[in-house]
Amino acid sequence: MHFDLADLRLFIHIAESPSLTQGAKRAFLSPAAASARIKALESQLGSRLLYRDNRGVDLTPAGQRLLQHARLIMRQVEYLKNEFTAYGADAAGHIRIFANTTAVTEFLPEVLAGFLAQRPGVTVDLQERLSRDIVRGVLDGSSDLGIIAGPVNASGLQVLHFSTDRLVLAVPRNHPLSTLKHVKLKDTLRYQHVGLHEGSTLLSFLREQVEHLGETLSLRIQVSSFEAVCRMVETGVGIGVIPESAAKRHSRTMDLTIIELDEEWAIRERSMLVRDLDALPGCVRALIDTLLPASGAEPPSNTPT
């Protein structure tokens, strides 16, 4: 069975577009030519790949499987090209990272700034995603590297632990909870919270924990960063659950009280997720090596989960 890379690239474009016409346009083909190529691909595989109607296209189950493999194949082709650029094996390439809120807003910007300054041929696409989407993205090849907090349950991935953080409660100085050293999440729910924006991994995680308690999370305001959460808390707008690393940093310049959350889930293991560390291009492996010393973690064991 022979696969044409151009056909696989066309199929990806169509699968990621609202219609065959739009996918064909991205591949610089006419709709008729694109349709003929897809029909030939379906004939070769002996499976229907697309459902087509006036609203656009949807993937069949066979199409979903092909999309996963096609993404992986095309990403490996890009890896191969990058390995032989003039910059060197680890100084060129494109890295797509799916990461949780803490990584995107707290430590990755600083790490990436230094990393990219030393590698002018590397580009990065950093996207904030929910935990389940991070896992799925690494599994299906749409992301080179995933960064996640908490337990990981994903067969077929390598999990590289690189640091540990804790969720804590930030309150204003004279808040009724400010004299406590430890507090249960349930005891915070009588007060209004300051939360992150919709779609953030931390907000989704907290809502899950609150639902397990049979309670509701009262959000007075939602903001886009941990610094903004702390600003709101400092002025008495509400209280907020944030990572301890962020709380300690912002408490140096803000009038906050930090209280430990007396919950098992409050301790969060940070991990990097990859499909196969040895198969990654040099630039991705170099970024992983950069993140490990930055966190003070030990080198990964590279054991698939």
At a threshold of 8 angstrom on Cα-Cα distance, excluding pairs fewer than six apart, so keeping six or more, what relative contact order does the chain reach in percent?
22 percent
Once you order the gyration tensor axes a ≥ b ≥ c over the Cα atoms, which shape class does the range 166-266 get: rounded for a/c under 1.5, otherwise prolate or oblate by comparing a/b with b/c?
rounded
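T164 to L45: extension gain in nm, 0.36 nm per residue of separation minus the Cα-Cα distance?
Full-extension gain reported as 38.2 nm.
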Extreme residue, positive dipole direction of the chain, given options Q22, A91, T101 (C-beta unit charges):
Q22
All lysines inside 18 Å of K248 as judged from Cα atoms, apart from same-chain residues fewer than 8 positions distant:
K181
Any helix of the chain counts here only if DSSP assigns it H throughout, its Cα atoms span 18 Å or more along the axis, and its mean Kyte-Doolittle hydropathy is at least -0.5, and such helices are 31-45, 282-295
Could you give the size of the charge dipole of the range 5-80 about its Cα centre, using +1 on the Cβ of each K and R and -1 on the Cβ of each D and E, expressed in debye and rounded to the nearest 20?
40 debye
Consider a paramagnetic label point 7 Å from the Cα of Y191 along Cα→Cβ; state which residues of the range 156-180 have an amide N under 17 Å from it.
167-180
Using a cut-off of 16 Å between alpha-carbon atoms, which aspartates and glutamates can reach K39, once sequence neighbours fewer than 8 places away in the same chain are excluded?
D4, D7, D53, D58
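Inverting the mean 1/r over all pairs of different Cα atoms, compute the Kirkwood radius of the chain and quote it in Å. Mind dumping the intermediate values first?
Details: mean 1/r = 0.0459 Å⁻¹.
Computed over the chain, the radius equals 21.8 Å.
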Identify which of S35, S178, S271 has the largest mean-square fluctuation in a Gaussian network model of the chain, with springs joining Cα atoms closer than 10 Å.
S35
Aspartates and glutamates near K186 by alpha-carbon distance under 17 Å, same-chain residues fewer than 8 away left out - which ones?
E208, E211, E215, E260, D262, E263, E264
S178 versus S218, label points 7 Å from Cα toward the beta carbon: distance in nm?
2.0 nm
Can you give me the convex hull volume of the Cα atoms of the range 5-80, divided per residue and expressed in Å³?
80 Å³
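Values in this text are rule-based calculations from the coordinates and carry no lab data. No experiment lies behind these values; they were computed from the predicted model shown. We place every Cβ from the backbone using ideal geometry, glycine too, and count neighbours over all the protein chains shown.
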